[in-house]
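Since the structure comes first, as structure tokens, the remarks are kept for the end.
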């Protein structure tokens with residue numbers, strides 16, 4: 001009997017987004033998911049990646065593998081961030097082409113947009129201004145990933161697509177107390193404050209900046225939606241040299257509102273104070289998601305529901321998380 005299962009490779013399957021894509025795709029009965037750990041396949045090793053694609057007969061690729069980190073890590077190891085991400089992207093995209101794989105989805109980041117981009121940020125803002133200095137090397141690598149996909153499409157007729165998510169959170173996030181992003185950091189801080197019986201929690205900044213957050217399972221669903229769009233539909237809503245698609249909710253909230261919602265989800269009923277002497281960052285970062293909406297996808301999980309699901313996951317897995 002002929003095997004008719006579609007063989008799909010998820011690069012970065014142990015990460016937050018990659019694991020969410022695995023969860024979604026595993027529900028289908030017509031696919032065979034292919035994964036490799038870092039020990040099994042070094043994605044920065046060109047020959048190893050070429051050999052992998054030549055032997056595995058992959059039909060679709062989700063490129064969710066990346067070296068990621070917060071502001072401190074990006075500032076401390078800029079060479080690592082630009083080198084490793086460029087190598088991973090170049091090796092996978094070029095090797096997929098050499099293996100005659102027609103479909104690939106590259107996952108980027110909202111940091112590709114200029115530091116002072118008009119809000120909400122449209123896809124057309126790409127390459128129109130100076131990037132945020134703290135993560136410029138990472139952003140440049142992600143921009144290169146978009147342009148790699150577009151260049152293979154233009155020269156070789158490939159169907160390589162790119163999606164740019166807003167701030168993500170959810171299961172398998174990084175809850176490290178020093179270098180995690182805002183939602184996991186707040187969840188952990190309020191959880192520990194509740195356990196310790198603390199009367200107050202101090203949040204950094206004024207609480208006034210506005211941010212957009214997307215639950216990671218919604219991101220996975222959007223990625224699969226974009227991957228499986230008919231090519232003529234995708235091409236009708238994008239341009240050959242402006243082909244990436246923003247993924248987000250299209251709505252944002254103040255950091256103060258976020259902090260209050262996290263406290264409520266965790267069950268912390270003490271006082272919340274804001275330390276306005278700490279940096280706020282950009283006043284607003286919101287994605288324009290009209291392109292994705294016109295392609296028929298909308299987020300389903302509200303911020304409160306997503307926070308509840310994330311906190312449930314944290315409670316179940318906190319013993320194995322990095323201290």
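In whole Å, what is the distance between the alpha-carbon centres of the stretch 69-85 and the stretch 264-287? Measuring centre to centre over Cα atoms gives 25 Å. As a proxy for reagent exposure, ranking 42, 218, 230 by other Cβ atoms within 10 Å from fewest up yields 230, 42, 218. As a length-normalised measure over Cα pairs under 8 Å and 6 or more apart, the relative contact order of the chain settles at 19 percent.
Here the Kirkwood formula, the inverse mean of 1/r across different C-alpha pairs, assigns the stretch 1-82 a hydrodynamic radius of 14.3 Å.
Given the -39500 (n - 2.57) contribution per DSSP H run of 4+ residues, what per-residue ellipticity at 222 nm results for the chain, rounded to the nearest 500 deg cm²/dmol?
Result for the chain, helices only: -13000 deg cm²/dmol.
In the list [x] 19.5, 60; [y] 19.9, 68; [z] 18.1, 54, the label attached to Rg and Dmax of the Cα atoms in Å as derived from the coordinates here is [y]. From the P(r) of the stretch 176-323, can you give the percent of Cα pairs sitting at distances over 21 Å? Result for the distance tail: 53 percent. When the chain is treated as a Gaussian network with alpha carbon springs shorter than 10 Å, the biggest mean-square fluctuation among 68, 140, 262 belongs to 68. Compared with the dominant Cα axis of the chain, that is its longest principal axis, helix 136-156 is turned about 30°. For the stretch 170-219, the Cα gyration tensor yields ellipsoid semi-axes of 21, 16, 9 Å (square root of five times each eigenvalue, largest first, whole Å). In this simple spin-label model, placing a label point 7 Å from the Cα along the Cα-to-Cβ direction at both residue 147 and residue 194 gives a separation of 4.7 nm.
GNM on the chain, alpha-carbon springs under 10 angstrom: the most fluctuating residue among 298, 62, 160 is 298. Among 50, 259, the order by Cβ neighbours within 10 angstrom, fewest to most, reads 50, 259.
Relative contact order of the stretch 43-149, taken over Cα pairs closer than 8 Å and 6 or more residues apart, is 34 percent. Within the chain, what percent of beta bridges assigned by DSSP are antiparallel, to the nearest 5? Here the share of antiparallel DSSP bridges comes out near 10 percent. Normalised by 2.2 N^0.38 Å, where N counts its residues, the alpha-carbon radius of gyration of the stretch 194-241 equals 2.14.
With everything on Cα atoms, drop me the angle between helix 303-317 and the longest principal axis of the chain, reported from 0 to 90° to the nearest 10. For helix 303-317, the angle is close to 90 degrees. The stretch 178-197 and the stretch 97-131 have their alpha-carbon centroids 31 Å apart.
Footprinting exposure proxy ranking of 142, 57, 67, 27, fewest other C-beta atoms within 10 angstrom first, gives 27, 57, 67, 142.
Just so you know, all these numbers are worked out from the coordinates, no wet-lab data involved. Remember, predicted model here, so these are calculated numbers, not experimental data. Note that we place each Cβ from the backbone using ideal geometry, even for glycine, and neighbour counts take in every protein chain shown.
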